[in-house]
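K.L.:
Below are the structure tokens for one structure; questions will follow.
The values are calculated or read from the model by the stated rules, or taken from the named source; none is laboratory data. The shown structure was predicted, so the numbers you read here are calculated from the model rather than taken from an experiment. All Cβ positions, even for glycine, are placed from backbone atoms using ideal geometry, and neighbour counts span all protein chains on display. Heavy atoms of the whole protein, side chains included, go into the accessibility calculation; ligands, DNA and RNA do not. Shrake-Rupley method; radii C 1.70, N 1.55, O 1.52, S 1.80 Å.
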Amino acid sequence: MAWKSDQLNWKAFLLSGFFSFTLPFLGFAQDHYWWANNVGWDGQRFWGDYIIRAPRFLGPNALPIPRLGNGRIPNERSFAFSGNSHFATGDLTHNLALTGTYNLVPDVISFELYWVPVEHFTLSHDIKTERKTFHVFYNRRWASGDVYLHTLIQILKAEKHLQDWAWQIGYRHPSSTMVRQARFTDAAGYYLDVSFGKKLIDGSLKLSLNGMGGIFVWQINQNAQNQNDAPLFGLGLNLEGKKWALSPVFRGYTGYLNNGDRPLALRLNGQIDLSYKWQLFGGVQKGFGDLLYNSVELGSKIRINAAP
């Protein structure tokens, strides 16, 4: 009987050691005690206070750099969708993006709605630890983004003033999920910018210089600080043929908290018109500064009111 008892004790010891070693890799060890130790929890503060709401510590679609305008509002009603992939050390993300454009008054005012309805991500343990992921959502892999509404207003047109100038007002409606996974902010934000377009070559082949400047503001919902403000900037070229265009652009913003809030991006956009109503577009992007991701996009646009 003593021999059997010793044998059972050895089996229990081996099983205990096995599970102690394998549970962390299975993800079951990421409990409240793991999270509390990771963030240095004081026993009282809300879990959201420990997530850093800055581009460096969030998913690639949480606080994206606003696009570079060309000084003209889009005189079209269209619908576009694209697939996007984002690559960073310890983070692989794929998402679908939807864009709807409605021109209310030709050459005067236009509206645009942008949304990432679904995002799939695979994160390493180190990234989850660095971003202070809340333990309850440690193993989640799906999220949905915030809705952006853009209002574009034409200020000046090159036909009368040598350059095109347009004003953009962007507002982020808090509607995202997986904040506890540090994927999105689920908080309001807005940006105001003025873009310009200057024709350098105007013929069968067109070349223009585009730029923008403005401010980007987003809520961070911290006890000591409610929002972050950042100068917004961008500069690029647009080379355009009869049915195609290529646009290398550089853009970014610099938050004043300097807590991972200074993303920069170099991007090459391309598009080709297959017909009056159907366009293919895409882009590749290299992140710098606090933008850790390199990205690829491929999509299609359908113009509803286009005509020959």
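K.L.:
With respect to F81, is the statement that it is open to solvent by 30 Å² or more (accessible area, probe 1.4 Å), in contact with a helix residue (DSSP H, G or I) (Cβ under 9 Å, 6 or more places away or on another chain) and either over 18 Å from A188 (Cβ atoms) or free of Cβ contacts under 8 Å to residues at least 40 places away in the same chain (or both) true?
P.N.:
Against the criterion (open to solvent by 30 Å² or more (accessible area, probe 1.4 Å), in contact with a helix residue (DSSP H, G or I) (Cβ under 9 Å, 6 or more places away or on another chain) and either over 18 Å from A188 (Cβ atoms) or free of Cβ contacts under 8 Å to residues at least 40 places away in the same chain (or both)), F81 does not qualify.
K.L.:
Out of the residues in the stretch 184-221 that are polar (S, T, N, Q) and part of a strand (DSSP E or B), which is surrounded by the most Cβ atoms within 10 Å (Cβ to Cβ)? Break it down stepwise before answering.
P.N.:
So in the stretch 184-221, the residues polar (S, T, N, Q) come out as 185, 195, 204, 208, 210, 219, 221.
Filter once more, so that each one left must be part of a strand (DSSP E or B): 195, 208, 210, 219.
On the way: S195: 25, S208: 23, N210: 21, Q219: 18.
Within the stretch 184-221, the match that is surrounded by the most Cβ atoms within 10 Å (Cβ to Cβ) is S195.
For (1) outside any helix (DSSP H, G or I); (2) among the β-branched types (V, I, T); (3) buried (at least 16 other Cβ atoms within 10 Å of the Cβ); (4) under 14 Å from the mean Cα position of the chain (by Cα), each residue gets a yes or a no:
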position	(1), (2), (3), (4)
V118	yes, yes, no, yes
K128	no, no, yes, no
H150	yes, no, yes, no
I153	yes, yes, no, no
A166	yes, no, yes, no
I169	yes, yes, no, no
S176	yes, no, yes, yes
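K.L.:
Could I ask something else about it? What are the pairs, 6+ residues apart or on separate chains, where a residue within the stretch 195-221 that is farther than 30 Å from L257 by Cβ has its Cβ under 9 Å from a residue that is in a strand (DSSP E or B) and among the acidic types (D, E)?
P.N.:
G197/D164; K198/D164; K199/D164; L205/E240; K206/E240; L207/E240; S208/D164; S208/E240
K.L.:
Let me ask you something else. Any idea which residue in the stretch 248-281 is surrounded by the most Cβ atoms within 10 Å (Cβ to Cβ), counting only those that are among the aliphatic types (A, V, I, L, M) and over 19 Å from the mean Cα position of the chain (by Cα)? Can you show your working first?
P.N.:
Our first condition is that a residue be among the aliphatic types (A, V, I, L, M); within the stretch 248-281, this holds for 249, 257, 264-266, 268, 272, 274, 280.
Next cut, over 19 Å from the mean Cα position of the chain (by Cα) only: 257, 272, 274, 280.
Details: L257: 17, I272: 14, L274: 10, L280: 15.
Restricting to residues being among the aliphatic types (A, V, I, L, M) and over 19 Å from the mean Cα position of the chain (by Cα), the top hit is L257.
K.L.:
Any chance the stretch 261-276 includes a residue that's in contact with a Gly (Cβ under 9 Å, 6 or more places away or on another chain), assigned to a loop (DSSP other than H, G, I, E, B), within 20 Å of A97 (Cα to Cα) and in contact (Cβ under 8 Å) with a residue 12 or more places away in the chain?
P.N.:
no
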